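Student: Have a look at this one before I ask anything.
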Amino acid sequence: MARIGWIGTGVMGKPMANHLLDAGHSLTVFTRTKNKAEDLIEKGAIWANSPAEAAKNAEFVCIMVGFPNEVNEVVLGSKGVINTIESGAILIDFTTSKPSLAIKIAGALRPKGVFCLDAPVSGGDVGSRNATLSIMVGGDKDTFNRAKPLLEKLGKTIIFQGKPGSGQHTKMCNQIQIAGTMIGMVEALIYGAKAGLNLKTMLRSISGGAAGCWSLNNLAPRILKGDMKPGFFVNHFVKDMGIALEEAKKMKISLPGLSLVHQLYVSVQAIGAGHKGTQALYLALQRMAGIDK
C-alpha cells in the first residue's frame, strides 16, 4: 500500500481520494476548506496544513484542483509540493490544466529526482464516484507503468498519450468534443419543447440511435428535472475551452464551433450560473428561445 499526499477534495477530488482510502492506501490530505475533507479524515486520512506538508514522505502526490494558477501555487509556490517532495516520488496532476504548465512542472521537479504525470480525467461526478473515469496520461512511460495500479482504482480507460503535456492536449480534444455534443443536446431539447413534444419520450427515441452520447444519457434527464447541480462546473468548462482556444491560436488553427460554444457558456456565467453544472447551458438558450420552463 502506498503513502499518498492528496490535494483537492471538490466534486471530483473527494470521491477519487475516497477510492484510494477504500483500497487501503495511506492518505494525507490538504484542501483549502478543511470541512470539505472531514469525511475523508473520519475514514482515516491525515490532515495536512499545506501542500508541502501533504507531500512530505509521500510516494505519490496527487492533485485535483480547479484552475492552472492553483496547480502552479500548490506545486511551485512558497508552501508548495516542490519544497518537500522526495526523490523517487511521483506527482500526478489530475487537474485539467495548460499543457505548458505540465511541461514546466516536469522540468522543475526533474532535478529533484521526482517523476511527473499530467493525467486529466473525463467522466464527471458520475465517473469519479463509480471509479469509471477516463484518464489520459502524459509523461514518462516507465513512470506511467509504476502509477498504473493506483490509476486503476480511479478509472476504467487509462491510456498513455506520450511526453509531458500530452495528457492535457488529449483532454483539450475531449473538451472540444463535449462542447459540440452539449450544444447539440441542449438545442434538441429547445427544439423539442417548442414543437410540443413529450421530451422524455423524445429522448428515449434519439438516445438509442446515432445521436446517443454521454451528455444525452446523463445530463438531459437532469435538465428535465430542473437539476442544475454541478457534476462539472460551468466555470471550469469555460476555463477548459479557453485553454483549448489559446492552444489552437498557438497552432494557428481555427475552431469556430468551439468558439461559439465558449461564448454561449460565457453567457451562462453572465446570468449568474457559473457555479452550476454544464447542463445549465439550457438556461441561457431557454431565455433566447423564450421558453418559460
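Student: Kindly give Rg over Rh for the stretch 170-289, based on alpha-carbon atoms, with the Kirkwood expression for the hydrodynamic radius. Could the numbers behind the result be given before it?
Tutor: Details: Rg = 14.3 Å, Rh = 14.7 Å.
Computed over Cα atoms, the ratio is 0.97.
Student: Can I ask one more? Relative to the first principal axis of the alpha-carbon coordinates of the chain, what is the inclination of helix 99-109, with its axis defined by its Cα atoms, in degrees from 0 to 90 and to the nearest 10?
Tutor: On a 0 to 90 degree scale, this one is about 10.
Student: What net charge is computed for the residues neighbouring F94, neighbours being all others with C-beta under 13 Å from the C-beta of F94, Lys and Arg scored +1, Asp and Glu -1? Present the calculation step by step, with values, prior to reporting the outcome.
Tutor: Values: positive: K14, K153, K171; negative: E70, D93, D118.
Surrounding charge for F94 is 0.
Student: Only bridges with both residues in the chain count here: give the DSSP antiparallel percent, nearest 5. All intermediate terms of the calculation are to be shown ahead of the outcome.
Tutor: Details: 5 of 30 bridges.
Of those bridges, close to 15 percent are antiparallel.
Student: Let me ask you something else. Between helix 141-151 and the chain, what is the angle of the helix's C-alpha long axis to the longest principal axis, kept within 0 to 90° and rounded to the nearest 10?
Tutor: Taking the Cα atoms of the chain, the angle to 141-151 is about 70 degrees.
Student: Explain nothing, just the number: dipole magnitude of the chain about its Cα centre with +1 on each Lys and Arg Cβ and -1 on each Asp and Glu Cβ, in debye rounded to the nearest 20. Before the final figure, lay out each step's value.
Tutor: On the way: 33 positive and 21 negative charges, 78 e Å.
Charge dipole of the chain: 380 debye, to the nearest 20.
Student: Take the Cα coordinates of the stretch 3-162, assign each an equal point scatterer, and use the Debye formula without solvent to give log10 I(q)/I(0) at q = 0.09, 0.10, 0.21 Å⁻¹.
Tutor: The Debye formula, applied to the Cα set alone, gives -0.23, -0.29, -1.53.
Student: Here's something else I'd like to know. Rounded to the nearest 5, what % of the DSSP beta bridges within the stretch 3-162 are antiparallel ones?
Tutor: Values: 4 of 29 bridges.
Here the antiparallel bridges make up roughly 15 percent for the stretch 3-162.
Student: Counting other beta carbons within 10 Å of each residue's own, what order do T170, T132, T95, T33 fall into, fewest first? Show your work: numbers first, answer last.
Tutor: On the way: T170 22, T132 13, T95 27, T33 9.
Taking fewest neighbouring Cβ atoms as first place, the list is T33, T132, T170, T95.
Student: First check a/c for the stretch 9-50, with a ≥ b ≥ c the square roots of the eigenvalues of its C-alpha gyration tensor; if it is under 1.5, answer rounded, and if not, answer prolate when a/b is larger than b/c or oblate otherwise.
Tutor: Numbers: a/c = 1.82, a/b = 1.27, b/c = 1.43.
Judged from the Cα gyration tensor, the stretch 9-50 comes out oblate (a/c at least 1.5, b/c at or above a/b).
Student: Assign one of three labels to the stretch 45-104, namely rounded, prolate or oblate, based on the Cα gyration tensor with a ≥ b ≥ c the square roots of its eigenvalues; rounded applies when a/c is under 1.5, prolate when it is not and a/b is larger than b/c, and oblate otherwise. Present the calculation step by step, with values, prior to reporting the outcome.
Tutor: Details: a/c = 1.67, a/b = 1.47, b/c = 1.14.
In terms of gyration-tensor shape, prolate.
Student: Among the listed pairs K14/K98; K98/K250; K104/K163, give every one whose C-alpha distance is greater than 19 Å.
Tutor: Details: K14/K98 22 Å; K98/K250 13 Å; K104/K163 12 Å.
The answer is K14/K98.
Student: With axes computed from alpha carbons, what is the tilt in degrees of helix 166-194 against the longest principal axis of the chain, rounded to the nearest 10 within 0 to 90?
Tutor: Value to nearest ten degrees: 20.
Student: May I pose another question? Obtain the radius of gyration and the Kirkwood radius of the chain from its C-alpha atoms and give Rg over Rh. Walk me through the intermediate numbers first.
Tutor: Details: Rg = 19.8 Å, Rh = 19.8 Å.
Over the Cα atoms of the chain, Rg/Rh equals 1.00.
Values in this text are rule-based calculations from the coordinates and carry no lab data. Small disclaimer: the values here were computed from a predicted structure and weren't measured. Quick reminder, even Gly has a Cβ in these numbers, built from the backbone with ideal geometry, and neighbours come from all protein chains shown.
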